[in-house]
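The values are calculated or read from the model by the stated rules, or taken from the named source; none is laboratory data. Keep in mind the model is a prediction, meaning the values are calculated, not measured. Don't worry about glycine lacking a Cβ; one is built from the backbone with ideal geometry, like all the others, and counts go over all protein chains shown.
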Amino acid sequence: MNGPGIIDTLVALAHCPVCGAARSSLTYHRPQVIGEALFSCGAAFAVANAEIIPSTLCPAPSHVAARVLNASTGAEE
Ligand SMILES: [Zn+2]
């Protein structure tokens, strides 16, 4: 799917697809097929070159990884 349909996919993202945090803002322009969705976790997904790209990575996986590393050493959070 490309063209305006990719905008529909961006608009339908009410939550971060990585961690589920709520969307905090959404901007898009259908004729130009550009847009960006920001999420409360800090992640951002944008439409560029008719595809969705992660413009700011969701930090949640790094927090999960740090928790696993701490657990492996017996450190408390
Ligand atoms: Zn996220």
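Scanning the stretch 40-53 for residues that are within 13 Å of the ligand (Cβ to nearest atom) and in contact with a Pro (Cβ under 9 Å, 6 or more places away or on another chain) yields a count of 5.
Take the conditions modelled with pLDDT of 95 or more and either within 15 Å of the ligand (Cβ to nearest atom) or β-branched (Val, Ile, Thr) (or both) and apply them to Ala60. Does it pass? No; evaluated as a whole, the condition is false for this residue. Selection of first residues in the stretch 13-33 that are on the phi > 0 side of the Ramachandran plot and of second residues that are in a loop (DSSP other than H, G, I, E, B) and not basic (Lys, Arg), restricted to Cβ pairs under 7 Å at least 6 apart or on distinct chains, gives the following pairs, ordered by first then second residue: Val33/Gly3; Val33/Ala50. Under the condition of being within 16 Å of the ligand (Cβ to nearest atom) and surrounded by fewer than 11 Cβ atoms within 10 Å (Cβ to Cβ), the residues counted in the stretch 20-36 number 2. Among residues of the stretch 44-59 being outside any strand (DSSP E or B) and under 11 Å from the mean Cα position of the chain (by Cα), the one that is nearest to Ala14 (Cα to Cα) is Cys58. Going residue by residue through the stretch 37-51, is there one that turns out to be loosely packed, with under 11 Cβ neighbours inside 10 Å and out of contact with any Asp or Glu (no Cβ under 9 Å at 6 or more places or on another chain)? Yes. Evaluate the stretch 22-39: report whether one residue or more is at pLDDT 95 or above, within 18 Å of the chain's Cα centre (by Cα) and assigned to a loop (DSSP other than H, G, I, E, B). Among the residues of the stretch 22-39, not one is at pLDDT 95 or above, within 18 Å of the chain's Cα centre (by Cα) and assigned to a loop (DSSP other than H, G, I, E, B), which makes the answer no. Checking each residue in the stretch 17-41 for being more than 18 Å from Ile7 (Cβ to Cβ) and out of contact with any Cys (no Cβ under 7 Å at 6 or more places or on another chain) picks out Gly20, Ala22, Ser24, Ser40.
Scanning the stretch 1-13 for residues that are exposed (fewer than 12 other Cβ atoms within 10 Å of the Cβ) and either in contact with a Cys (Cβ under 8 Å, 6 or more places away or on another chain) or not in a helix (DSSP H, G or I) (or both) returns Met1, Asn2, Gly3, Ala12.
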